[in-house]
Amino acid sequence: MRRTIFAGLIGLVFGTGIAISGMANPAKVLNFFDLAGDWDPSLAFVMGSALLVAAVGYFFVLKRDRPILEPRFHLPTNRKLDASLLAGSALFGIGWGIAGFCPGGAIPALGLGESAAWIFVAAMLVGIAAAKTARDALRPRVAKTA
């Protein structure tokens with residue numbers, strides 16, 4: 001129960017930051033990508049600030065033996081650039097550029113009553129399910145030995 005409460009509080013802080021920074025507004029994000037038109041550089045400042053806060057956080061947190069609410073840290077171990085990572089990154093960027101939403105901005109926008117956010121999140125969930133289905137179908141089958 002304690003983990004759930006803290007996760008909710010952390011999510012609330014994150015969502016509030018996204019809403020205050022304007023990143024839940026797809027027009028603000030799309031204007032960042034519009035270099036030839038009404039360019040808005042504020043997304044770069046928000047991302048740079050987030051990177052700075054995360055770097056400082058990682059510096060101090062990873063000096064601990066373990067997290068406060070978990071028995072161990074859950075850090076990525078895969079360091080390979082493979083086709084799945086590159087394709088997923090490209091699709092993420094294309095979707096973000098078309099819709100103006102990414103998951104981090106769309107989910108707080110749900111609470112703001114943005115109808116476009118509801119459509120985006122529904123499409124995102126369908127895309128996640130389709131990607132999982134495709135990955136499972138394309139994964140090489142390992143023959144079971146008896």
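List of remarks:
- Taking the stretch 99-117 as the range and being over 16 Å from the mean Cα position of the chain (by Cα) and in a helix (DSSP H, G or I) as the test, the residues that pass are Gly111, Ser115, Ala116.
- Restricting attention to the stretch 76-87 and to residues that are part of a helix (DSSP H, G or I) and out of contact with any helix residue (DSSP H, G or I) (no Cβ under 8 Å at 6 or more places or on another chain), the residue that is surrounded by the fewest Cβ atoms within 10 Å (Cβ to Cβ) turns out to be Ala83.
- In the set Phe14, Phe45, Phe32, only one residue is closer than 16 Å to Trp96 by Cα and either part of a helix (DSSP H, G or I) or touching a residue at least 24 places away in the same chain (Cβ under 8 Å) (or both); that residue is Phe32.
- Test set (1) open to solvent by 70 Å² or more (accessible area, probe 1.4 Å); (2) modelled with pLDDT of 90 or more - Gly48 fails condition number: (1)
- Criterion: small (Gly, Ala, Ser) and modelled with pLDDT of 90 or more - qualifying residue of Ala90, Ala137, Ala109, Ala83: Ala90
- Flag not set for Val56, criterion: in a helix (DSSP H, G or I), modelled with pLDDT of 90 or more and either surrounded by 11 or more Cβ atoms within 10 Å (Cβ to Cβ) or of a type outside the set (A, V, I, L, M) (or both).
- Number of residues in the stretch 96-118 that are free of Cβ contacts under 8 Å to residues at least 24 places away in the same chain and not hydrophobic (A, V, I, L, M, F, W, C): the value is 3.
The values are calculated or read from the model by the stated rules, or taken from the named source; none is laboratory data. A quick note: this is a predicted structure, and the numbers were derived from the prediction, not measured. Don't worry about glycine lacking a Cβ; one is built from the backbone with ideal geometry, like all the others, and counts go over all protein chains shown. Remember, those area values only see protein heavy atoms, side chains included, never the ligands or the DNA or RNA. Shrake-Rupley method; radii C 1.70, N 1.55, O 1.52, S 1.80 Å.
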